[in-house]
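Only one structure is covered here, and it is reproduced in the block below.
The values are calculated or read from the model by the stated rules, or taken from the named source; none is laboratory data. For clarity, every value in this text was computed on a predicted model and none was experimentally measured. In this analysis, Cβ positions are derived from the backbone assuming ideal geometry, glycine residues included, and neighbour counts consider all displayed protein chains.
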Amino acid sequence: MHQSFLVRFSIVLAILLLPHLASAETWYVKKSATKLQAEASARSDVLGKLQKGTSVKVKKKSGKFFQVSAGGKTGWVFRFKLTKKAPAGGQGDGDVLSALGGDQKMSARESASGSSIRGLSPISEQHARKKGATDESIQAVKNMEKFKVRPEELDQFLEEGKLGEYSQ
């Protein structure tokens, strides 16, 4: 009798979950040039690149990757490159200029960290000097502000360090 109950319970559970499992969820790409991979691996062939705000249908989940379909193609995307909410302001990379024109909202925590990565404002520089920062330290910050990393270099860094989508 106990086995019979488990069989019936399993069948009912499967019937209830089947519609949920069969329907694909809609997610959105967080950042432009997100790679659509042939397999659930960062080292697999790139089928194409998706732009920020592109809606995708999530078909399957495998570890750190989601199998998605978008624009007639099906492939795999690193899960942290996707979000359930459509990004504010449409496509683009969310830089300062696009933020001025879009309807973007951010928390106070995001605002504080965002301003800290833009470097020293004249007021911040003045404050740093009052706190004893040397000219050499201030110049080092200014030099860091000018430093740019190409997407290929970042990808190579992540792969070599087995970080992000390469951390399998």
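Structural remarks
- First in the range 131-152 and farther than 21 Å from Ser32 by Cβ, second anywhere and modelled with pLDDT of 85 or more, Cβ under 7 Å, 6 or more apart: Ile138/Glu125; Ile138/Ala128
- Among residues of the range 142-165, those that are within 28 Å of Glu125 (Cβ to Cβ) and part of a loop (DSSP other than H, G, I, E, B), counted: 3
- Scope the range 134-150; condition loosely packed, with under 11 Cβ neighbours inside 10 Å and either of a type in the set (Lys, Arg) or within 17 Å of the chain's Cα centre (by Cα) (or both); matching residues: Lys146, Lys148, Arg150
- Residue list for the range 38-56, restricted to those being at pLDDT 95 or above and in contact with an Asp or Glu (Cβ under 7 Å, 6 or more places away or on another chain): Ala38
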